[in-house]
Amino acid sequence: MNLLIIGLGGALGAVLRYLSTMAAIRLFGPGFPWGTAFVNVAGSLVMGVVAVLLIEASVLRPQLALFAMTGVLGGFTTFSAFSLDAAQLIEAGRMGEATAYVVGSAGLAIAGLFIGLAIGRMLT
């Protein structure tokens with residue numbers, strides 16, 4: 001049953017990632033990986049909220065945590081896409097943008113997680 005829960009969440013997360021990436025390309029153009037940056041930061045923020053609700057407040061059922069954290073957020077965020085985007089910027093000789101992307105994504109994702117933790121704590 002847990003594998004089904006995770007699989008359904010992962011499918012939903014992957015679809016949401018695709019839609020986010022397509023929306024970012026439509027809004028900002030294909031030159032910079034805004035979509036991947038967005039999903040990594042947003043996913044970190046949501047992970048912080050869910051972690052508090054599950055671990056600190058114990059208000060989420062374990063199956064919902066599997067669905068949300070391992071499934072949806074696991075399918076929504078992706079370090080492999082982030083790594084590929086960074087490598088493509090580097091190979092294109094766009095070192096400044098690659099550096100900004102790597103540092104900005106990591107820093108904002110960590111900040112997003114802390115914001116999510118704070119939101120989760122305010123909710124409990």
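Read the figures in this text as sums done on the coordinates, not as results from a lab. Worth saying up front: this structure is predicted, and the values here are computed from it rather than measured. Reconstructed Cβ throughout: ideal geometry from the backbone, glycine too, with neighbour counts over all protein chains shown.
Before moving on, here are some points about what is shown:
- Note on Thr124, Thr99, Thr70, Thr77: ascending count of other Cβ atoms within 10 Å places them as Thr124, Thr99, Thr70, Thr77, the fewest first.
- Packing-based exposure ordering (other Cβ within 10 Å, fewest first) of Arg121, Arg61: Arg61, Arg121
- Reciprocal mean inverse distance between Cα atoms of region 1-99 - Kirkwood radius, Å: 14.5
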